[in-house]
Amino acid sequence: MTAGAPGRRRRVGVDNYGLFPLDLAPIQTLEWAVDHDADGVSFSGLTPAWQGRLDAPALADLRAFADGNGLYLEWGGAQHIPRDMTSWARKDLFEINRRAASEAAALGTSIVRSCSGGLMRWDAANPPTEVLLRDTAEALRAQRTMLGDHGAILAIETHFEFTSVELLHLFDMCEAEPGGWLGICLDTMNLMTLLEHPVTAAGRLLPWVVSTHVKDGGVLRAPGGLVTFPAPIGDGVVDLGAIVRSLDTLRRPVTLSVEDHAGSFLLPTHDEAFLSRFPEAPGAGLGAMLELADATQDRPACRPLDRAEWPAVCESRIVHDLVMLRRLADAVPTVMEAPS
């Protein structure tokens, strides 16, 4: 069955981040998607070399190829925290996000992923989360009209900046409503790195979800605390079936884009000062993580992969993830099929 073929209930595709080691041109990424029976591509971003070559004709070619092969397209390259994440100096994001929104409009998509990166609360010397939330809300409010003019939804990824509770507070500060100019790119594994149970946090953010990074993962006990990491879909402890099922309750269809990579993240949960930097009761989040750590320990195949090993396995693992996610997506009953 070709990409985007009729009869598929949920659209399963790939995010290009995991394929970065292949150094594919954007059009080659779309060709890769077709060759591997994916329904579309979410471009988290491009390497500097390819971004520099992205002009109007290249965008037109991408759109034409996607349209001709029934692929969905989602775009990236936006940011939401108006600070340099190393020096913490102020940073004007308007033109960065205007460019991303303009490119998305040229591609015929409304989804523009936003990610600023950084494990900010891991270092007490960094600006407090409350300050970064206030700065972010101020910057985003100034972009509301611009994003609307481009028909763009700024999809803030559940990354390592803000918890689900903080994101809801941010949307309130921006006076935004679900279905409008702000949304969520739901990364299903990253939630654990901010001490959140994936299903619980996904449920909290559900009305805002407009795109996904579907990623399995695990948690293990380590000296000083816990380690979280991505895992091949099916090997980890993230209940992706429950999350996929919940997405069906949304009025707007949400695509399922595989994102995977190597590496791990140390959570110094033995440090009370670290735990105090989380808004919701850290005990509840920590308890959920310890339960997931027990489940991970019982899965020998669920272990971290060193980042240096990713280039050698990235393609085979993304192919595996696509197959497993398609299988899962087809097996999970839709809302209409579920028993009453």
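The numbers here are math on the coordinates, done by the rules we state, and not lab data. Note that this is a predicted model, so its numbers are computed, not measured. Neighbour counts run over all protein chains shown; Cβ positions are idealised from the backbone, glycine included.
Numerical summary
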| quantity | calculated |
| --- | --- |
| Additional length obtainable on full extension of the chain from W88 to W122, 0.36 nm per residue less Cα span | 10.8 nm |
| Debye, to nearest 20: dipole size of the chain, +1 on Lys, Arg Cβ, -1 on Asp, Glu Cβ | 380 |
| GNM flexibility winner over the chain from A89, A293, A301 (Cα, springs under 10 Å) | A89 |
| Inter-label distance, nm, simple model (7 Å from Cα along the C-beta direction), E315/T145 | 4.9 |
| Amide H partners (placed H, <5 Å) of V219, local residues excluded | T296 |
| 3J(HN,Hα) from dihedral phi, the stretch 227-232, Karplus parametrisation 6.51/-1.76/1.60, rounded to Hz, x for glycine, proline | 10, 10, 6, x, 9, x |
| Pairwise label distance in nanometres, E272 with D23, each label 7 Å out on the Cα-Cβ vector | 5.2 |
| Trypsin sites (Lys or Arg not before Pro) restricted to the stretch 13-84 and DSSP loop, no more than 16 other C-beta within 10 Å | R53 |
| Cut-off 13 Å between beta-carbons: net charge of the residues surrounding R299, Lys and Arg +1, Asp and Glu -1 | -3 |
| Derived scalar couplings ³J(HN,Hα) [the stretch 262-272; Karplus, 6.51 cos²θ - 1.76 cosθ + 1.60; whole Hz; x for Gly, Pro] | 9, x, 8, 9, 7, 9, x, 6, 7, 9, 4 |
| Charge dipole of the chain about the Cα centre (unit charges at C-beta), most positive-ward option of N190, I233, V210 | V210 |
| Highest-fluctuation residue, C174, C185, C115 considered, GNM on the chain with Cα pairs under 10 Å | C174 |
| Residue with peak Gaussian network fluctuation, the chain [Cα springs, cutoff 10 Å], from A78, A125, A142 | A125 |
| Long-range amide H partners of V258 with built H, under 5 Å | G13, V14, D15, V214 |
| Calculated FRET efficiency for the pair R307/E95, C-beta based, R₀ 51 Å, to 0.05 | 0.95 |
